[in-house]
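Undergrad: Here you go, one structure.
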Amino acid sequence: MTQYLLLRHREIPEISRLEVYRQHGGFEAFRKAVTGMTPDQVTEVVKASGLRGRGGAGFPTGLKWSFMDRKNWPHYVVANADESEPGTFKDREIMEGNPFQFLEGVAIASYAVGANRAYIYLRGEYQHIARWLDEKIAEMEAAGLLGERLFGTDYSLRMYTHLGAGAYICGEETALLESLEGKRGQPRVRPPFPPSFGLYGKPTVVNNVETLANVPLIVQNGAEWYRSMGTADAPGVKIFSLSGRVKRPGNYELPFGVTFRQLIYEYGGGILDDRPIKAIMPAGASSSLLRADDRLLDTPLDYASLRPFGGDLGSASVIVIDDTVSIDWVIQKTIRFFKHESCGKCTPCREGTYWMKHLIDRIRTNGKEEKQVQLLLDVARQMQGKCLCALGEFSTMAVVSGIERFGEDFR
Amino acid sequence: MSKMVTLSIDGIQVTVPEGTLIVDAARQAGIDIPVFCYHPKMEPVGMCRMCLVEIGRPMIDRNTGQPILDENGQPKLQFLGKLETACTNTVSDGMVVLTQSEKARAGQKATVEFLLTSHPLDCPICDKGGECPLQDLTMAYGPTQSRFLYEDKIHLAKHVPLGELIYLDRERCILCARCIRFQSEIAGDAVLTFDERGRSSQIITSSEPPFDSVFSGNTTDICPVGALTTADFRFGARPWELKAAASICSQCPVGCNIVYNTRREARSDGRIVIKRVLPRQNEEVNELWICDKGRFAYHYTESPSRLAAPRLAGGPASWDQALEKAAQALRTWQKKAILASGRLSNEDLYALKRFAEALNVPAYLYTSMGGGEWVRRYGLRAGSDLGHLGAGDTILVIGSDLYEEAPIWYLRVKQAAERGATLILSNPRFTRLERFAHYAVRYAYGDESEVIGRLNADAKIAQALREARNLVIFFGSEGMGLEQTEALAAACAQLLTETGHAERVDNGLVGVWPRANDQGAWEMGFEPVSDLQALFEELDVLYLVAADPLGDGVVRLNGRKPFLIVQDILETETVRQADVVLAACAYTEREGTFTSGERRVQRYFPAVPHWGECKPDFAITAMLAEAFGLRLEAHSAARAFQELAASVETFKGLDYAALSEVRAQWPPTGREDYPFSGTAQPNTQGMGKTLAAVTEAPSARPQPKVPREAERLRPEEGTLLLVPITRLFDAGSLVSPSALLHKRIGARRVILNPASGLEQGAQVLLEWEGHQVEVTVELDENVPAGVGLVPRSMGIPLQQPARGHLHTPERVR
Amino acid sequence: MTLAEKYSQEIQAIFAKYPPEHKRSAIMPLLYLAQREEGYISRQAMEEIAELLEISVTEVAGVVGFYTLYHDRKEGKYRVQVCTDLPCALRGADEFLKELSQALGIQPGETDAEGRFTLEEVMCIGACHRAPVFQVQSAEGVTYYENMTVEGALEALKKLE
Ligand SMILES: Cc1cc2nc3c(=O)[nH]c(=O)nc-3n(C[C@H](O)[C@H](O)[C@H](O)COP(=O)(O)O)c2cc1C
Ligand code: SF4
Ligand code: FES
């Protein structure tokens, strides 16, 4: 069995206690960075490691940090713990089980971009985790790992949690920042991107929890070591949130390059009642529906490898669908979700999700008239490429791919 | 001067300053990129997605920084895969924008179709029909028919009152947030927001009172659909049935440019009546905005108490009889005077002034705010524009609540502060403008004359005044009477001189006058009267024009009353006591000019026919003057103005026709620009001209003397210091006839600090100097203890600060 | 008694999290604080929060309206929020909701006679691997109930005071 890098609490149950975490080398990376490296050197290591964002977009993390506008201060770091993508529950386990590794990642990122304040934005439902992290932050302060003049240098850092209140859109980085500023959580037009115009209009790095949890390892063991895992396109390990019609749903920390077959059958124990697998949604409700044929099942997974299948790995929230499930039912669920979560700011998303909802309900109740199915497909396509943020786009992925690839379920 | 960049939009080369948004650049080149949420006066938000276009940017070689060229030497262009919003992207050199490509058209069509899925399409019964961006853009860009099933259409409330002035139709609303953004960005009153989200989003207000803003009407102009309508105009008429007359608002000294929309009404027995007021663009005065008083208070012009014909104390009379009787009185008696108010036009006031000179009697200005002679000398001069003020400049506001007294000046000053001007506010209590001030200096009611000294005592403020590139001072009459305001004005003039800001463009003194044309009267040399009561008691004959001292309680008739010749538009208390009544036209029934507090002379035009036998004031005066062998212009306001311009010093050089000149303005307005700027009207009838400075050499000019100490009043144990203040909505004869505004006008009241121990809404008896008035108590923690604020023109005849008492009914018993 | 009087300590701690010039950021924690009082956010609480943050009541109302975990109306003491989003539904969440609804005798969106429970359907709450799941939101906050059976659910709900 692999040695865990992120879900280390599975091997070291007590690792959520500060002294235990430190016994296992905890906060050495942070000390090393602050006392032994310049911020740019830290950014360089992360760049060299090839670490890519785990929040969905897969953007190179070090590169993002290097975009921070150095003419505009102060800088902020915001950890994105909104985790609201249906089928995603990985950040939660990291924060619950191995909180210090994540917090250390936040601290190192803050040092690298010269931020003296970092916020952790959690989805409102994660109240118990916010309280938990507040305790951990207090312990860090007591131990001199947060506060003024850390490790005797002139670097200071404070960390705060901030609870959302039930809005998937607040996972989108600019909506998150608006929410953190005390406004309605609606996305901003990008560009400008957070590294030039972020929290309170100041340069800000927004990173996913899992992304940040990787950072201490990289700083401690070096880029080479990290690159030795995973694939060239996506070095390192990834937590796959496996859900749906599998025997053992849950989080699986595996190196990139693992296949769906391994994930679903070796780790996930196969399909419930051993039924044939039908489709896979690799990135939660926002992903395209992929036909689960052998070619797909045996493809080593990274960000690039699913493109040819017309899909994206995204946050690797793998929802498994078997032959008992009809795809029109699936997209009714995803459409309902996106209609409920559309922030309402831009026209195509607000009106399009509403329109699609009416069409799919009609199709599912009044029978699958070809005209209506075609219209649903047209509406979805008509939304694409016109929305203000990616949510609108997401809402069309399952619809278009579902109708195009599983036409039989719409006849 | 910022760098210019050149780009191509639909093949047309356009050169605009760096940082210009693509929509604006296109508009300047005459290309209309459709928009809904974008408004040129507000920050772009890219919400509605109507302005989708294709944008190509020249590819730049990373190493050389030079554009990459294609085989035939043209810079290679990079187009994003997807459409972009023209409202949020700024121009760059060599950029290529396609607004009409198949892809762009498809995007625009898609947005319109999406908007229509929730829209009721009730154009035939919609007030916006005919001036509706959605209707227009649907024709131009939309699909021929909607594929959205009608039975799936969302159904929402159609008559939601957002306060008593504005109604919301939730079905029509396209959620562009223009109204919300106007209220928070421009008005500074964040009283609108979205409730819920997604398709359930809806406009709400949670303020108390609802939609608590004096700028609310503007949201109906910029609403790109018929979702927001005014309680005044909704279902009133179809836009294409309306005639438009250019005019100037007569409600305050700002002089907002407006349009009166009129229509012949069966309901008003075939008369042509005013249906609504719209702002008329003047970027140097009111931009695209007006306040709710200007928009809704016009109903006094059709009030049942309008005077329709002249009359004598005895009863009805012809013009000849009335004029003869008046002339006779003026011939017979010795002690006489003329009393006129700043409600009159420049031409009217000039005629009165000439008449007074001919009779060799004084011409008094009816006002309780003095200092005009200082504004005449130290006021703004030709070329000045509050829109010029910004970083490096200083604006000082003393003794005035601009939000209540001159809302559009409040906007202009707020904007200047947002552009970086230093705003110094000096008032005895908190006012809304203070939220944007850099320095707020409090003083006690009564200490006005000390304020300037107090400002100079603060090093930072003194520096902001001294080192200002430009300095503009607004002074008002908060808590002051004639004497105190006169002293304050002198002190302000002195400050301008001492800091070296006198006699310069974009510098000077502005009086926040009670009436639209007080400044004109000051320019013509009218003098205020300190004691009208005494005047009444000693005079034999008084010719009052547009003044109601009896109704205002300034004068009480005890026994002897002079022969009263009263010229007015409404049946006032003074009219009731008159020996001769001369019926004048409302200004909406004639043409003329007003001089704004910024000393800008602006023309207004007839909107509706004369009421009954009414005549313009200057014509009436001219007819009266004839009996004394004095020839004054009795027919043409134009000629009257030319005479005035030839003889009144600061008007010299002005030409009536030239007042109608217009300059090109941004943003564009007008029929085809409704989607862009809203229904604010284009300015085709003139932006006015600012008066010249006083001409004699500065040396020859009397320098402002150290202000004489005005009488000082302070709260005293056991008494209440009563001070008059100005509220936008009052019970004055030019406001109260508009039933719509009664809620905003409220009760006759005294405003006290909660520490007074009285209950909000309590009925009490207000007593001072022999006056007794029943009033309602309003509590406000911004009122200093021991002070009672008394709103003017609410039927409480308090002209200057006074010590008084409150009796709660039980204590009376 | 105002929030400021009752929770002065806590409110100070909340403000301390954000730069003084950006106190508006404190609105979300303050709304949770207010909701602790009566399980929903009263008009009076909104006014008080607006005052604390120096923004308008309308702006506060707009924030309350945007987020699903804030409520401006009194409902059941406990909001039983069952996830029926795709991953859960693939594991029987719809049936679970139907049976629980029958057992409680209220439809989703309804509140029982005693005003104890309001049954609600919610989107993914991040427990997809432990479906069926629901969370209970009350004045105290949110608690998760995972790997649920209807019997277990009724047990758990009975335990709530
Ligand atoms: C609708 C929407 C929802 C999102 N939700 C999340 C989320 O819950 N957690 C997250 O980390 N990123 C989410 N993202 C991605 C963020 O916008 C952002 O890209 C990410 O947090 C960057 O961090 P990373 O580079 O470490 O992945 C979402 C994006 C969109 C458009
Ligand atoms: S019109 Fe432009 S301004 Fe409005 S959102 Fe739309 S996209 Fe834009
Ligand atoms: S879908 Fe129910 S918890 Fe995720």
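The values are calculated or read from the model by the stated rules, or taken from the named source; none is laboratory data. Keep in mind the model is a prediction, meaning the values are calculated, not measured. Cβ: placed from backbone, ideal geometry, glycine included. Neighbour counts: every protein chain shown. We work out accessible area using only protein heavy atoms, side chains counted, and drop any ligands, DNA or RNA first. Shrake-Rupley method; radii C 1.70, N 1.55, O 1.52, S 1.80 Å.
Undergrad: Are there any helices in chain A, counted as whole DSSP H runs, that stretch 24 Å or more along their axis by Cα and score at least -0.5 on average by Kyte-Doolittle, and if so which? Present the calculation step by step, with values, prior to reporting the outcome.
TA: Details: long enough: A:347-366 (28 Å, -1.01).
Span-like helices in chain A: none at all.
Undergrad: Also, I was wondering about something else. By DSSP, what percent of the beta bridges with both residues in chain B are antiparallel, rounded to the nearest 5? Mind dumping the intermediate values first?
TA: Values: 65 of 115 bridges.
In chain B, DSSP labels about 55 percent of beta bridges as antiparallel.
Undergrad: If you plug each phi of the stretch B:145-151 into the Karplus form 6.51 cos²θ - 1.76 cosθ + 1.60 with θ = phi - 60°, what whole-Hz ³J(HN,Hα) values come out, in order, with x for Gly and Pro?
TA: 9, 7, 8, 7, 5, 4, 5
Undergrad: So what's the angle, to the nearest 10 degrees on a 0 to 90 scale, between helix C:150-159 and the longest Cα principal axis of chain C?
TA: That works out to roughly 40 degrees.
Undergrad: Run the numbers on the stretch B:528-624 and let me know its relative contact order in percent, using alpha-carbon pairs under 8 Å that are six or more apart. Walk me through the numbers before you get to the answer.
TA: Working: 144 pairs, mean separation 19.2, N = 97.
About 20 percent, as a whole number.
Undergrad: I've got another one for you. Compute and list, largest first, the equivalent-ellipsoid semi-axes of the stretch A:105-193 from the alpha carbon gyration tensor, each √(5λ) rounded to a whole angstrom. Numbers along the way, then the final one.
TA: Details: eigenvalues 140, 62, 13 Å².
That gives 26, 18, 8 Å for the three semi-axes.
Undergrad: Based on Cβ point charges of +1 for Lys and Arg and -1 for Asp and Glu, what charge dipole magnitude is obtained for the stretch A:1-71 about its Cα centre, in debye rounded to the nearest 20? Show your work: numbers first, answer last.
TA: Values: 12 positive and 7 negative charges, 40 e Å.
Approximately 200 debye in magnitude.
Undergrad: If you don't mind, there's one more thing I want to ask. What do you get for trypsin sites (Lys or Arg not before Pro) in the stretch A:62-104 restricted to DSSP loop and a cutoff of at most 13 other Cβ within 10 Å of the site's Cβ?
TA: Working: sites: A:64, A:70, A:71, A:90, A:92; in loops: A:70, A:71.
Listed in order of number, the matching sites are A:70, A:71.
Undergrad: Over the stretch C:1-44, what number does the Rg to Rh ratio reach, with both radii from the alpha-carbon atoms and Rh per Kirkwood?
TA: Values: Rg = 10.6 Å, Rh = 10.9 Å.
Reported Rg/Rh, Kirkwood definition of Rh: 0.97.
Undergrad: If you restrict to DSSP beta bridges whose two residues both lie in chain C, what percentage is antiparallel, to the nearest 5? Don't jump to the answer; show the numbers that get you there.
TA: Working: 10 of 16 bridges.
Around 60 percent antiparallel, to the nearest 5.
Undergrad: Ballpark to the nearest 100 Å², how much total accessible area do A and B bury together, probe 1.4 Å?
TA: Details: alone 16400 and 30910 Å², together 44580 Å².
What A and B bury together is about 2700 Å².
Undergrad: Using only the Cα atoms of the stretch C:5-161, what do you get for the radius of gyration and for Dmax, in Å?
TA: 17.6, 51
Undergrad: Further question on the same structure: Could you give the accessible area per residue of chain B, probe 1.4 Å, as a whole number in Å²? Provide the component values of the computation, followed by the final result.
TA: Working: 29230 Å² over 813 residues.
The answer is 36 Å² per residue.
Undergrad: Other chains near A:382-395: what is the mean number of their Cβ atoms within 10 Å of each residue's Cβ? Don't skip to the end; give the middle numbers.
TA: Numbers: counts 8, 2, 2, 9, 11, 2, 7, 0, 0, 0, 1, 1, 0, 0.
The per-residue average across the peptide is 3.
Undergrad: Another question, if that's okay. Could you work out which residue, out of C:29, C:132, C:20, moves most in a Gaussian network model of chain C, that is, has the largest mean-square fluctuation with Cα springs under 10 Å?
TA: C:20
Undergrad: While we're here: Compute the distribution of all C-alpha to C-alpha distances in the stretch B:1-109, in bins of 5 Å from 0, and list the percent of pairs in each, rounded to whole numbers.
TA: 2, 13, 22, 23, 20, 11, 6, 2, 0
Undergrad: For the stretch C:22-50, which residues drop by 20 square angstrom or more in accessible area between the chain on its own and all protein chains together (1.4 Å probe)?
TA: C:22, C:24, C:25, C:28, C:32, C:43
Undergrad: What accessible area per residue, rounded to a whole number of Å², is obtained for chain A using a probe radius of 1.4 Å? Display every interim value, and only then the final one.
TA: On the way: 13180 Å² over 411 residues.
Counting only protein heavy atoms, the per-residue value for chain A is 32 Å².
Undergrad: For the A and C pair, go ahead and give the buried accessible area with a 1.4 Å probe, both sides summed, in Å² to 100. Please report the intermediate quantities before stating the final value.
TA: Working: alone 16400 and 9230 Å², together 21720 Å².
Summing both sides, the interface buries roughly 3900 Å².
Undergrad: Okay, moving on. Ignoring trypsin sites (Lys or Arg not before Pro) that are buried or in helix or strand per DSSP, and keeping those with at most 13 other beta carbon atoms within 10 Å, what is the longest stretch of chain C between them? All intermediate terms of the calculation are to be shown ahead of the outcome.
TA: Details: sites that count: C:73, C:74.
It runs C:75-161.
Undergrad: Could you name every residue in the stretch B:158-193 that has 40 Å² or more less accessible surface in the full protein assembly than in its own chain alone (probe 1.4 Å, ligands and nucleic acids excluded)?
TA: B:190, B:193
Undergrad: Let me ask you something else. If amide hydrogens are placed 1.01 Å from N in the peptide plane, which non-local residues have theirs closer than 5 Å to the one on residue B:68?
TA: Those lying under 5 Å, H to H, from residue B:68 are B:59, B:60, B:61, B:76.
Undergrad: Right, another one. I'd like the Karplus ³J(HN,Hα) series for the stretch C:126-140: coefficients 6.51, -1.76, 1.60, θ = phi - 60°, whole numbers in Hz, and an x wherever there's a Gly or Pro.
TA: Karplus-based 3J(HN,Hα) across the stretch C:126-140 equals x, 9, 3, 7, 10, 5, x, 9, 8, 10, 10, 9, 9, 3, 5 Hz.
Undergrad: A further question follows. Give me a comma-separated list of calculated 3J(HN,Hα) values for the stretch A:81-89, in order, Karplus coefficients 6.51, -1.76, 1.60 applied at θ = phi - 60°, integers in Hz, x for any Gly or Pro.
TA: Running phi through 6.51 cos²θ - 1.76 cosθ + 1.60 with θ = phi - 60° gives 10, 7, 4, 10, 5, x, x, 10, 8 Hz.
Undergrad: Roll a 1.4 angstrom probe over the protein heavy atoms and tell me the percent of accessible area of the protein assembly as shown that is carbon or sulfur.
TA: On the way: 25320 of 49260 Å².
That fraction is 51 percent.
Undergrad: 5 Å is the cut-off here: which amide hydrogens, built 1.01 Å from N in the peptide plane, fall below it relative to residue B:212, excluding neighbours closer than 5 in sequence?
TA: Amide H to amide H, under 5 Å and 5 or more residues apart or across chains, residue B:212 pairs with B:207.
Undergrad: Using modelled amide H (1.01 Å from N, peptide plane; none on Pro or chain starts), what sits under 5 Å from the amide H of residue B:287, excluding residues fewer than 5 places away?
TA: Close amide H contacts, sequence-distant or interchain: B:282.
Undergrad: Let me ask something else about it. About its Cα centre, what dipole magnitude does the protein assembly as shown give when the only charges are +1 on Lys and Arg Cβ and -1 on Asp and Glu Cβ, stated in debye to the nearest 20?
TA: On the way: 153 positive and 178 negative charges, 316 e Å.
Dipole size: approximately 1520 debye.
Undergrad: Sticking with this one: Of all the Cα-Cα pairs you can form in the protein assembly as shown, what percent are over 68 Å apart?
TA: On the way: 166033 of 958420 pairs.
Counting every Cα pair in the protein assembly as shown, those more than 68 Å apart make up 17 percent.
Undergrad: Sticking with this structure for a sec: Of all DSSP beta bridges located in the protein assembly as shown, what percent are antiparallel, nearest 5?
TA: On the way: 91 of 172 bridges.
Of all bridge pairs located within the protein assembly as shown, approximately 55 percent are antiparallel.
Undergrad: Might you tell me the accessible area per residue for the stretch C:66-161, computed with a 1.4 Å probe and given in Å²? Mind showing how you got there, number by number?
TA: Details: 3920 Å² over 96 residues.
Per-residue accessible area for the stretch C:66-161 comes out at 41 Å².
Undergrad: Counting only other chains, and only Cβ atoms inside 10 Å, what mean value do you get across the residues of B:519-526? Write down the numbers at each step before the final one.
TA: On the way: counts 0, 0, 0, 0, 0, 0, 0, 0.
Rounded to a whole number, the mean comes out at 0.
Undergrad: Using the scaling law 2.2 N^0.38 Å as the reference, what is the normalised Cα Rg of the stretch B:93-186?
TA: On the way: Rg = 16.1 Å, N = 94, 2.2 N^0.38 = 12.4 Å.
Cα Rg divided by the expected 2.2 N^0.38 Å: 1.30.
Undergrad: Take every Cα pair under 8 Å in the stretch C:1-157 that's 6+ residues apart, average their separations, divide by the length, and report that relative contact order as a whole percent. Write out the running numbers ahead of the final one.
TA: Numbers: 225 pairs, mean separation 31.2, N = 157.
Relative contact order here is 20 percent.
Undergrad: Hey, another quick one. Are there residues in the stretch C:86-115 whose accessible area shrinks by at least 40 Å² when all protein chains are included rather than the chain by itself, and which are they (probe 1.4 Å, ligands and nucleic acids not counted)?
TA: C:86, C:87, C:90, C:91
Undergrad: Taking the mean number of other Cβ atoms within 10 Å as a proxy for protection, how do you rank B:624-634, A:306-316 from highest to lowest?
TA: Numbers: B:624-634: 16.4, A:306-316: 20.4.
Most protected by this proxy first, the peptides run A:306-316, B:624-634.
Undergrad: A further question follows. Please arrange B:235, A:406 by accessible surface area, largest first, computed with a 1.4 Å probe and ligands excluded. Spell out each step's value before the answer.
TA: Details: B:235 125, A:406 0 Å².
Greatest to least solvent exposure: B:235, A:406.
Undergrad: Sequence gap at least 6, Cα distance under 8 Å: using those rules, report the relative contact order of chain A to the nearest whole percent. Can you show the working numbers first?
TA: Values: 831 pairs, mean separation 65.7, N = 411.
Worked out over chain A, it gives 16 percent.
Undergrad: If you don't mind, another one. Taking the radius of gyration and the Kirkwood hydrodynamic radius from Cα positions alone, what is the Rg/Rh ratio for chain A, to two decimal places? Don't skip to the answer; put the middle values down first.
TA: Values: Rg = 21.5 Å, Rh = 21.9 Å.
Checking Rg against Rh, the ratio lands at 0.98.
Undergrad: Using a 1.4 Å probe on protein heavy atoms only, how many Å² of accessible area do C and B hide from each other, summed over both chains and rounded to 100?
TA: On the way: alone 9230 and 30910 Å², together 39290 Å².
Approximately 900 Å², summed over both chains.
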